Each structure stands twice: as C-alpha cells, then as structure tokens.
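Let me begin by presenting the structure, written as structure tokens, before commenting on it.
The values are calculated or read from the model by the stated rules, or taken from the named source; none is laboratory data. As the structure is a computational prediction, the values presented were derived from the model and not from experiment. For neighbour counting, all protein chains shown are included, and Cβ atoms are generated from backbone atoms with ideal geometry for every residue, glycine included. These accessible areas exclude ligands, DNA and RNA; they are computed on the full protein's heavy atoms, side chains included. Shrake-Rupley method; radii C 1.70, N 1.55, O 1.52, S 1.80 Å.
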Amino acid sequence: MIDEMSVVNDFASRLPVDVIGIFDALSIDYVEEPMAPGQSGRIHYEDPFCTVTVNATEGPQRKRFTAAHELGHYLLHRDLLDGKKHLDRLFSDSGRDNPYGPLAPSHEVQANKFAADLLMPAGILRARYDPARDNVTELADLCDVSHAAMEIRLKALGIRP
Ligand SMILES: [Zn+2]
C-alpha cells in the first residue's frame, strides 16, 4: 500500500507540479478525449480502479486545473464515488451548473481548494510575490497556470489586493 499523500507531497514540492506524474504514480488512468462544450472532465472510480477523463478541446492550463480537481475527488471523496461517475463543468459561464451527483456542492469546493493548493502553493506564493514588481505573470509561469487563475489565487490568499 503506497502512502498516497506522501507521493502527492513529493510531487507538490517541484513546480510546476506534474499532475499527470501523480496519476501515474498512483496508478490512476488519465485520458484526454473530446467532450461536449462546457464539460471539463469526469472521474470514474470503481475500487481499486480509477479513470480521470479531461476534455481534450480545452486549453492546457484548464486541463491541468481539471486534472487536479479530479485528483482531489479521488483523494478526498472516493468513498462516495465508488461504482459511480462524476462529471464536472468547472468553467462554464453559468458557473453553478455543475452536475454534482453523487457529490454535493461542498465537495466541489473542497476539490477546487485541493487543486488550487496543489498547483499554486500558498507558502511559495507568499515568499515569491514581490509587490514592487507585481510579478503575477512570473508566478503564473512558475506554476503553469493562467494569469487570471494566479490573480484570483493571490487575492484569495490576501497576498495581492
Ligand atoms: Zn467535481
């Protein structure tokens, strides 16, 4: 039995975090395939097998965030997912139309927080953000996330107004 959290923490110590490397290390199948517009990804868990599918038509940084979100579901919610599929619409304009079942909105919040913590570690952002230079782009590149995602993250952490 591998210690999943120590695997994740090991990968998390190297930026940008290699999310697909984590899937490989945890024996989670990762698939990119075209999905309907607005669908970001899904997770299908059937103990002990897990497949994460990400919409191939979305951009690389959205795919990374979706993959990290699904990893959060695997680590945090797999007991609720056993034998079921869960679909995510993480970036749709209406925002709140994620089909939650078999999960609840609070689980989506947890998976989003997991993804943000994994891809954009708070400690590193606090240490590296320089108000004099307002180096958002540099930090976004460091974490391989979009500029917009980094702005939201820095604001949520109270690092940048
Ligand atoms: Zn979800």
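When region 33-53 is filtered for residues that are open to solvent by less than 80 Å² (accessible area, probe 1.4 Å) and farther than 20 Å from residue 81 by Cα, the ones remaining, listed by number, are 33, 35, 36, 38. Restricting attention to region 106-150, report how many residues are within 15 Å of the ligand (Cβ to nearest atom), closer than 16 Å to residue 8 by Cβ and of a type in the set (A, V, I, L, M, F, W, C). Selection size over region 106-150: 5. Determine whether region 128-139 contains at least one residue that is at pLDDT 95 or above and polar (S, T, N, Q). For region 128-139, residues at pLDDT 95 or above and polar (S, T, N, Q): present. Restricted to helices (runs of 4 or more DSSP H) entirely inside region 1-111, those with at least 2 residues that are in contact with a strand residue (DSSP E or B) (Cβ under 7 Å, 6 or more places away or on another chain) are 19-25, 60-81.
Residues in region 8-31 that are more than 15 Å from the chain's Cα centre (by Cα) and of a type in the set (Asp, Glu): 10, 24, 29.
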